[in-house]
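This report refers to the structure that appears directly beneath it.
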Amino acid sequence: MPRISEKEKEFGSIVLGLKNLNPSWQAPQISRFLQQAENPPSLRKHQLLTKVGRVLKRNTINDKQRSGCPVTVTTSAFQGQVKSLIRLKKGASIRNVASILNKKGIECCPQTKSRLCQTLRKKFGTKKSGKYWEWDRVVNTDFSGKFTLESFRKKKNHGICAEEWEIIPPPLLNASTDKFKKGIIFWGAISSRGLIPAEGPVNLTKWLHQQQQQKKKDRRKYLTSDLYAKFLQQKSAPAIKLKFKNTNLVPIFQDDQDNKHRTNIIMNTVDTSFDERIDPEVGDAKFADVWPIETVWGAIKEKLREETFENELQLEKRVVKEWKTFTVTKCQQMMEKIPSQLKLVIDQEGEHINGH
């Protein structure tokens with residue numbers, strides 16, 4: 001029960017006392033009486049009227065016990081359950097935690113993953129032979145994440161074990177460390193027509209470096225909304241349109257729903273570059289076990305996990321080599337599998353698909 005200050009209790013007592021002495025009085029009469037008193041409340045007329053009306057309606061100087069309202073994201077009960085579900089738990093993803101909370105009756109998402117999957121299946125079809133099959137027009141795009149020059153399992157900054165810190169040799173104690181490992185981020189897409197671009201993914205790191213001014217070449221460059229809009233116009237849209245050029249199919253664009261991808265400049269750029277797209281509120285960003293481009297990047301990274309490269313050119317050639325192993329037939333099978341993947345997510349009430 002909320003705590004009521006002594007001043008508020010005194011005000012409530014006066015209002016209820018006046019009502020007891022004058023049973024016929026309502027909020028307007030009591031408010032007028034208080035305003036004409038020697039020491040009137042420091043409230044405006046309508047504020048005082050509202051406050052008096054609230055006291056009369058509740059008929060008590062204390063706030064009544066609240067009803068059993070559902071747990072929301074702002075309550076300590078919700079936050080406590082989230083912490084207990086993610087702390088020291090294996091595979092504690094946002095989707096899995098949300099699914100468990102929903103099963104417990106705590107609606108933590110206004111639109112659950114199951115509903116999103118149902119919407120995608122209904123809009124783009126469930127069977128290839130069906131009337132509403134549209135997955136052969138969908139273009140699933142995403143960035144790769146960083147491919148590093150060093151082996152994924154090779155630790156350059158090894159830990160140092162010692163009983164006393166003084167016995168650690170100065171060269172080891174003061175050894176330099178790499179905070180950011182050198183590597184490349186790529187952009188690519190998958191469709192029923194094959195991977196896009198067919199000759200290899202776009203080197204985003206190199207493209208970003210080319211956007212810098214000559215005197216600022218050594219500074220780190222980040223993909224802002226403006227740069228992503230430019231990238232879509234210069235790289236993504238031409239590559240996708242080229243893949244569908246000699247077909248009767250109109251591509252449906254889908255990208256990772258990052259916050260910057262939802263800005264007005266990006267939405268407008270996509271609308272002018274493509275005739276159709278999967279709406280941001282439908283194409284959820286947390287469908288790594290559904291969108292096949294995630295599988296493509298994951299497979300390539302697994303192939304390169306044990307390898308070390310001397311320079312970025314060598315790394316890029318190796319990625320392109322693995323990229324070309326995904327044939328058109330293989331891509332078609334992966335795109336046709338999306339409806340069944342969505343069905344599995346629905347059956348598991350939004351949880352990640354095991355074994356993906």
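Throughout, read-outs are computed from the coordinates displayed, never taken from laboratory work. These numbers were taken from a predicted model, which means no experiment stands behind them. Positions of Cβ are generated from backbone atoms using ideal geometry, with glycine treated the same way; all protein chains shown enter the neighbour counts.
Under the shape rule built on the C-alpha gyration tensor, where the axes satisfy a ≥ b ≥ c, region 6-58 is rounded, since a/c falls short of 1.5.
Other residues with beta-carbon under 9 Å from the beta-carbon of Lys206 carry, at +1 per Lys or Arg and -1 per Asp or Glu, a net charge of -2. Working ranking of peptides 119-130, 138-149 by packing, defined as the average number of other Cβ atoms within 10 Å per residue, highest first, is 138-149, 119-130.
Can you pull out the trypsin sites (Lys or Arg not before Pro) in region 219-279 that DSSP calls coil and that have at most 16 other Cβ atoms within 10 Å?
Numbers: sites: Arg219, Arg220, Lys221, Lys230, Lys235, Lys241, Lys243, Lys245, Lys260, Arg262, Arg277; in loops: Arg219, Arg220, Lys221, Lys245.
Within region 219-279, the qualifying trypsin sites (Lys or Arg not before Pro) (loop, at most 16 other Cβ atoms within 10 Å) are Arg219, Arg220, Lys221, Lys245.
The HN-Hα couplings worked out from phi for region 198-203 by the Karplus form 6.51 cos²θ - 1.76 cosθ + 1.60 (θ = phi - 60°) are 5, 7, x, x, 7, 7 Hz, whole numbers, x standing for Gly and Pro.
Given a Förster distance of 22 Å, report the FRET efficiency between Val320 and Leu249 from their Cβ-Cβ distance, rounded to the nearest 0.05. Plugging the Cβ-Cβ distance into 1/(1 + (r/R0)^6) gives 0.30. Extension gain for the segment Thr224 to Gln36, taken as residue separation times 0.36 nm less the Cα-Cα distance, is 61.5 nm to one decimal. Between Gln211 and Arg115, the FRET efficiency estimated from the beta carbon spacing at R0 = 25 angstrom works out to 0.05. Judged by the ratio a/c of the largest to the smallest principal axis of the C-alpha gyration tensor, region 194-338 counts as oblate, that ratio being 1.5 or greater while a/b is no larger than b/c.
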